[in-house]
Amino acid sequence: MKIATFNINGVKARLPRLVEWLEETQPDIACLQELKSSDETIPTKEIEAAGYGALYHGQKGFNGVAILARGAEPVEVQRGLAGEEEDEQSRYLEADVHGVRVASIYLPNGNPQPGPKFDYKLRWMKRLRERAQALLASELPVVLAGDYNVIPHDDDVWDPRAMANDALMQPESRDAYFRLLGDGWTDALRSRHPGGGVWTFWDYQAGGWPRDHGFRIDHLLLSPAMADRLIDAQVDREYRGREKASDHAPTWARFG
């Protein structure tokens, strides 16, 4: 089984790239983020034609997450996180697919920091941890996949100094991420690349891609049952270099 996460940066704008990637790599489950589309305007026919059933939690112009399943229909478990009833941002979707509980996550960016956006990021991470603890307690095979907007380690970025003041690298952001891992989750990509130096995002600005000025913010966190089954985890880096590509590359894990 292959499970992938891909911040598509606009599902309508990147539809040719998305369908191309699905057809060429055929993940069994694909978690998408930053759809930037309401549920009513998502190009469902093209995704279905590529062989995928899909579940969406869209939002017009912003955010939005989805779970795609090859040859199956994801069964929705939960959309959104408990804890802030007034929070209407579409950032969390959870479903049962192919015998695995999967969540597609688009964690808040948090910039500028300090400020209300950074405070929201930290509150959101706390709410995510509470849900993740409940999932661990269930002892289900679970994968929490998505754009976490956290650079965990200094070797997860091309130049730590360049990002030192960014919300993605603040001690509070990292602490919240490591608290999550400390509960019993495994960072799939890190487990296969413990020395770092693997990027999942290259900014459109300042020649990020051609200069390889990237960093790692797209993560697949595995419950113990899934960590035991992990065979490999990699980044489909070359898709970032294609025409009209997302600024993220698909990131995936394969299980036995």
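Quick notes on this structure:
- For the chain, with all protein chains in place and a probe radius of 1.4 Å, 49% of the accessible heavy-atom surface sits on carbon or sulfur.
- Of the options [x] 81, 38, 30; [y] 48, 44, 33; [z] 45, 43, 39, only one is Cα extents along the principal axes in Å as computed from these coordinates, and that is [z].
- Shape category assigned to the stretch 1-108 from the gyration tensor of Cα positions, a/c cut at 1.5: oblate
- When shorter helices are ignored and each DSSP H run of at least 4 residues is given -39500 (n - 2.57), the per-residue value for the chain at 222 nm works out to -7000 deg cm²/dmol.
- Computed about the Cα centre, the dipole magnitude for the stretch 115-256 is approximately 280 debye when only Lys and Arg (+1) and Asp and Glu (-1) carry charge, each at its Cβ.
- Dipole of the chain, positive direction: furthest Cα of ILE217, ALA164, SER90, with charges on the beta-carbon: ALA164
- Rolling a 1.4 angstrom probe over the protein heavy atoms with all chains in place gives the chain an accessible area of 42 Å² per residue.
- Three-way shape label, the stretch 146-256, alpha-carbon gyration tensor, a/c 1.5: oblate
The values are calculated or read from the model by the stated rules, or taken from the named source; none is laboratory data. Since the model is a prediction, treat every value here as computed from it, not as a measurement. Positions of Cβ are backbone-derived with ideal geometry, glycine not excepted, and every protein chain shown enters the neighbour counts. The area values use the complete protein model at the heavy-atom level, side chains included, leaving out ligands, DNA and RNA. Shrake-Rupley method; radii C 1.70, N 1.55, O 1.52, S 1.80 Å.
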